[in-house]
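The values are calculated or read from the model by the stated rules, or taken from the named source; none is laboratory data. Every value quoted in this text rests on a predicted model; they were computed, and no experiment measured them. All Cβ positions, even for glycine, are placed from backbone atoms using ideal geometry, and neighbour counts span all protein chains on display. Heavy atoms of the whole protein, side chains included, go into the accessibility calculation; ligands, DNA and RNA do not. Shrake-Rupley method; radii C 1.70, N 1.55, O 1.52, S 1.80 Å.
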Amino acid sequence: MEAEIKKTVCEICLNNCGVDAWVKDGKVVKVEGSRECPNRGKLCVKGYASRDYLYRADRIRTPLRRVGERGAGKFEPISWDEAYRIIAEKLNGCKREFGADSVAFYTGYSKWYRTMFHRFVHSFGTLNYGTESSSCFQAMRMANILTGGSLTRPDIANADLFLAWAYNPFYNSVYHDDSLAALREKGLKVIAVDPRTTQFSQRADIHLKIKAGTDGALALCFGNYLIEHDAIDHDYIRQHVHGYPEYRDYVHTFTPEYTAELTGLRAEDIIRAAELLVQNRRFAISLGAAPLTHHRNGVQNIRALLALSAISGSYDRPGGNVPTEFSDPQMNADCDVGDETFIQEVRPKNTKPKIGSERFPVWSELVDEFQAMDLSRQILEGTPYPIKAVFALGMNARMFPGNGKLFEALSKVDFFADTDIFLTDTAKYADIVLPACTSFERSQFQGGFMGHYFNTMTVRWLEPAIPPLYESKSDADILCELANYLELDDPLLRAGHEACTQRMLRKVGVTFAELKTTSATTKIPGKEPYRAGDNTAFGYATPTGKFELTSEILRRHGFDPLPIYHSSEDESDPAQYPLKLTAGGRLPYHFHSRFQNSAIKKTFRPESMADLNPKDARKLKIQQGDSIRVTTTAGSIFLKANLTHTVEPGAVFIYQDYPDADVNSIISPEHLDPISGFPGYRSLRCRVERVKEVLA
């Protein structure tokens, strides 16, 4: 039998790259990138390793019931029926005795089913729906909403200058690299702002190797420079911008010399980059959803960057940062597929405030999720009300700072159920574990399968490339089947995945039958771009109806309304902790902890390592491969040293991928941005010492 090509996607990360899966005798024998998809036939290292991921020996094969202590990983196989009955009995029992809000619902990766899960939570009767976006994406979105009222994208294709802040497509979006190379040949200038030397930064016109967490200071300096050199759009500011006089007065102190002290850059390099902004007023800015927000000043970092787009008049104009009405993190959707209506039509009333609402009021107002960084505290303290059960899909406790506290909380709840592909450290704490399948094994609706940023968007329905392995099931099917066992008052959800998809297609203009039978993607209209270009206010979705350099929402909640700069570091003594630790950087063959047990990880970097500059290593008498201890005020971990000039002297980079050297375990759970609740993964102090051997 000849191999047959089946169309699917790789969802190991969030790019949703199209995959041609070569299937023979029911097994995937080869994978290639789909040329008709945005990745244009390319896959990253992770995508090419998806067969290894799919056929890993440690896949969860059946539903499991815990028979040992929580965390011990001792389970027995049970049937789906028994697993569903136990979950329904426990969750409904908590609902009857303590109310629906006593159950917290959480999802990690992946994201494709989130619209259905959010509706599922509402139908259960609570607003306590949380996701890994408590530390990814949402802070960047919040900053956009607080300033311009809408999420934005950099219109790089029409820009004269790309201000590439924390941007590295080689690791994150490999197919973007070719597009940028073509634009560079046409004259696009690039300023890379990154604390590390990367493949991308080496090709930039200017690389500003900034200290992690000081991005806001540099952006404010650029704003001051544009104002002083009259490289601003006075008409746009007068008609569309709120708070300009206060902003102008504040940024006046951010001279190149003062900013150089804060950022570790040279004043002459800052001026050289600022001159490029003056000479190329049509500039687009990348807004890293994680690198710029994983600091205690993260939201203000993004707001300071967006302010440059506003005062230059490039906001919502060709080559600037352009608002996008739709870009739903629930589904990676870039079009309105009716998903918000689908979620909100069953929204419960008279519920208790979401988890974290009191501690993070701005988050609570702007994000329709609970802030998961407050989950462990509420479970352990029981205030303002008790959380008795947790139901999760793909929960990874190791992504939380001070995650020992969350593991403790999971050991204290009355009931915990988790769904995953592999038996993770988090799943080992569950009472019931359900086996999920991968993207190769399931049907899936994709909304907004990126056609073009503005004038066309696409949707499509994917069929499984192969049947689900073992007894695993699609997350969407698990939710719909469990809705029946819970007897939720939601006939649509209980009808199944296809019925839910059909409902969400109401605004698209195609039926589910049409979508399912077409072999190609279905294009739908997108929004018209550049609404501010005609110099008429189009109604920014902010309290003032303008772009807010001074945020009235922040003012109302007691925060400084300006995009102020303050240090992102913790309060530890620099004499005791002289180095700056950045956690959460990315390796091309890692995605969080998803490849820890894969052959690819053992091939490229088999040991847990910390990246140090050779100058620091010489001072500490550390050589390549030496065993070291990295210590913060929250604890220590042991790794091997990797000496590299890609990091600056004084910096230590550790990846959030190592179960035997969990860097998040030595980050305080209180090291958070007070506006968003995001963890300050990338800016805290540490010390490094050589040890005789890595201790277990």
Checklist entry - farther than 17 Å from residue 432 by Cβ and either hydroxyl-bearing (Ser, Thr, Tyr) or free of Cβ contacts under 8 Å to residues at least 60 places away in the same chain (or both), is that true of residue 57? => result yes
Next on the checklist: I need every pair where a residue in the range 661-679 that is within 21 Å of residue 631 (Cβ to Cβ) and in a helix (DSSP H, G or I) has its Cβ under 9 Å from the Cβ of a residue that is polar (S, T, N, Q) and open to solvent by 20 Å² or more (accessible area, probe 1.4 Å), sequence separation at least 6 or different chains.
Outcome noted: 663/656; 664/656; 666/633; 666/636
Next on the checklist: Any residue in the range 262-273 that is part of a helix (DSSP H, G or I) sitting within a Cβ distance under 8 Å of a residue that is basic (Lys, Arg)? List the pairs, counting only those 6 or more apart or interchain.
Outcome noted: 262/211; 263/211
Next on the checklist: Looking at residue 405 and the list (1) out of contact with any Phe, Trp or Tyr (no Cβ under 7 Å at 6 or more places or on another chain); (2) part of a loop (DSSP other than H, G, I, E, B), which single condition is not satisfied?
Outcome noted: (2)
Checklist entry - Any idea which of 153, 184 is at pLDDT below 95, open to solvent by 20 Å² or more (accessible area, probe 1.4 Å) and in a strand (DSSP E or B)? => result 153
Item to check | Filter result for residue 424 (modelled with pLDDT of 95 or more and part of a loop (DSSP other than H, G, I, E, B)) | outcome: no
Checklist entry - residue 649 passes all but one of (1) part of a loop (DSSP other than H, G, I, E, B); (2) free of Cβ contacts under 8 Å to residues at least 40 places away in the same chain; (3) closer than 18 Å to residue 692 by Cα; which number fails? => result (3)
Checklist entry - Can you name the residue in the range 352-379 that is assigned to a helix (DSSP H, G or I) and among the polar types (S, T, N, Q) and, of all such residues, is nearest to the chain's Cα centre (by Cα)? => result 364
Item to check | Unique residue being open to solvent by less than 40 Å² (accessible area, probe 1.4 Å), more than 28 Å from residue 13 (Cβ to Cβ) and either out of contact with any helix residue (DSSP H, G or I) (no Cβ under 6 Å at 6 or more places or on another chain) or modelled with pLDDT under 90 (or both) when the list is 236, 225, 244 | outcome: 236
Checklist entry - In the range 531-644, which helices (runs of 4 or more DSSP H) lie fully inside it and hold 1 or more residues that are among the acidic types (Asp, Glu) and either crowded, with 19+ Cβ neighbours inside 10 Å or at pLDDT 95 or above (or both)? => result 552-556, 614-619
Item to check | Single unsatisfied condition, residue 69 versus (1) at pLDDT 95 or above; (2) crowded, with 18+ Cβ neighbours inside 10 Å | outcome: (2)
Checklist entry - Among the residues of the range 201-219, how many are surrounded by fewer than 22 Cβ atoms within 10 Å (Cβ to Cβ), in a helix (DSSP H, G or I) and modelled with pLDDT of 95 or more? => result 0
Checklist entry - Which of the residues spanning the range 380-395 are crowded, with 22+ Cβ neighbours inside 10 Å and in a loop (DSSP other than H, G, I, E, B)? => result 387, 388, 394, 395
Checklist outcome for this item: residue 40: passes all of (1) free of Cβ contacts under 8 Å to residues at least 40 places away in the same chain; (2) more than 17 Å from residue 466 (Cα to Cα) but (1)
Checklist entry - For residue 177, which of the numbered conditions (1) buried (at least 18 other Cβ atoms within 10 Å of the Cβ); (2) at pLDDT below 85 fails to hold? => result (1)
Next on the checklist: Which count do you get for residues in the range 259-286 that are out of contact with any helix residue (DSSP H, G or I) (no Cβ under 7 Å at 6 or more places or on another chain) and β-branched (Val, Ile, Thr)?
Outcome noted: 0
Next on the checklist: Condition (residue is touching a Gly at 6+ places or on another chain (Cβ under 6 Å), hydrophobic (A, V, I, L, M, F, W, C) and part of a loop (DSSP other than H, G, I, E, B)) applied to the range 220-239: is it met by at least one residue?
Outcome noted: no
Item to check | Failed item, numbered, when residue 54 is tested on (1) closer than 30 Å to residue 390 by Cβ; (2) open to solvent by 20 Å² or more (accessible area, probe 1.4 Å); (3) within 29 Å of the chain's Cα centre (by Cα) | outcome: (2)
Item to check | Which numbered condition residue 327 misses (of (1) surrounded by 23 or more Cβ atoms within 10 Å (Cβ to Cβ); (2) modelled with pLDDT under 95; (3) within 23 Å of residue 132 (Cα to Cα); (4) of a type outside the set (A, V, I, L, M, F, W, C)) | outcome: (1)
Checklist outcome for this item: Among residues of the range 90-137 being among the polar types (S, T, N, Q), at pLDDT 95 or above and open to solvent by 10 Å² or more (accessible area, probe 1.4 Å), the residue nearest to the chain's Cα centre (by Cα) is 123
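Here's the yes/no breakdown for (1) surrounded by 23 or more Cβ atoms within 10 Å (Cβ to Cβ); (2) in contact with a Lys or Arg (Cβ under 7 Å, 6 or more places away or on another chain); (3) touching a residue at least 12 places away in the same chain (Cβ under 8 Å):
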| residue | (1), (2), (3) |
| --- | --- |
| 351 | no, no, yes |
| 355 | yes, no, yes |
| 358 | no, no, yes |
| 365 | no, no, yes |
| 375 | yes, no, yes |
| 378 | no, no, yes |
| 407 | no, no, yes |
| 422 | no, yes, yes |
| 427 | yes, no, yes |
